[in-house]
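Presented below is the structure to which this report refers.
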Amino acid sequence: MNHDASLPVPPRRSRGIAVLALTVLGAAGAAFVLRGPLLMSAPRCMAGRWHGCFDTFNGVVLMTLVALPLALLVVWALAHRRRADGVPWAWRRSLAEVGMVHGTVPFLWLTLMPGAGAGVVPGRVSLVPLRDLATMGALGIVGNLLVFAALGFFAPMRFAAVASVPRVLALGAGCSVLVETAQYVLRLDRVSSVDDVLVNAAGALLAALASRRWWRSAATEPSDRPRPAPAPAG
C-alpha cells in the first residue's frame, strides 16, 4: 500500500495557495467586468504610447493586469528563496509584500494623475464630512474604496504591528491624508476632500476584515529570522 499518495498539504502552504488563488480569481473577475474599456486601451498600451495608456484609467488598469504574471513570478522567487533559508511563512510573507505594492501603486498613480488645469488652478480643499459623497457617484466611491484596499488586505498579514482594526484604519487614513496633501501641494487640479480620506480608510478596513483569518499574530507566529540549525551533540 502506498502511504505517500494521500499525504496532506502542509497548513502553511495551503493557506498561501488559498490566498494566491483568491488574488488570481479577483484579478480575473476584474478583467472580465472591465474587458470592454480595457480592450479599447490595449493598442496604445501594447505600442508603448504614453498618451492614451499610462495617463488614462483604463490603460493603467490594463497594464496592472498585464503585469500580474510578473508579480506572481516575483512572489514565487521570494518564497522559494525564503523557504531555502528556513524562513517561516515564506509564501504568505512574499505574497503580502508583492500584493501591497502591485495592488496599491497603480491606484496611487491614478489619484496623483494631473488634471487639465494642473499647475494653473490653485489647490482646493473640502473639509466638510459627507458633503462630497453625493457628487462622487457609484464609480467614484468604488474607486476610492479600492485605493488602499490591497494595503489593508495584505499589511496585517505581513506586519504584526498593524494587525488590528484600529491600526489598519489609522494606516489607511494616514496614507490617504498624505495623498490628499500631495494633490493640494502639487496643484494637480484635484479637490483634496475629507470624504476621500474617509472612503479610502473604509476601503482599507473592509479589505483587512476580508483577510482577517490570515493576519499575522506576534504572539503565535515565529520571528522573521531563519531558524538556526541545531548544534551537534558533543
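If Gly86 satisfies all but one of (1) more than 30 Å from Trp50 (Cα to Cα); (2) of a type in the set (Gly, Ala, Ser); (3) surrounded by 21 or more Cβ atoms within 10 Å (Cβ to Cβ), what's the number of the condition it fails? Gly86 satisfies every listed condition except (3). Hey, does the stretch 158-173 have a residue that's modelled with pLDDT of 90 or more, closer than 21 Å to His102 by Cβ and out of contact with any helix residue (DSSP H, G or I) (no Cβ under 6 Å at 6 or more places or on another chain)? Yes, the stretch 158-173 has at least one match.
The values are calculated or read from the model by the stated rules, or taken from the named source; none is laboratory data. Everything numeric in this text was worked out from a predicted model, so none of it was measured. Virtual Cβ from ideal backbone geometry, glycine too; neighbours counted across all protein chains shown.
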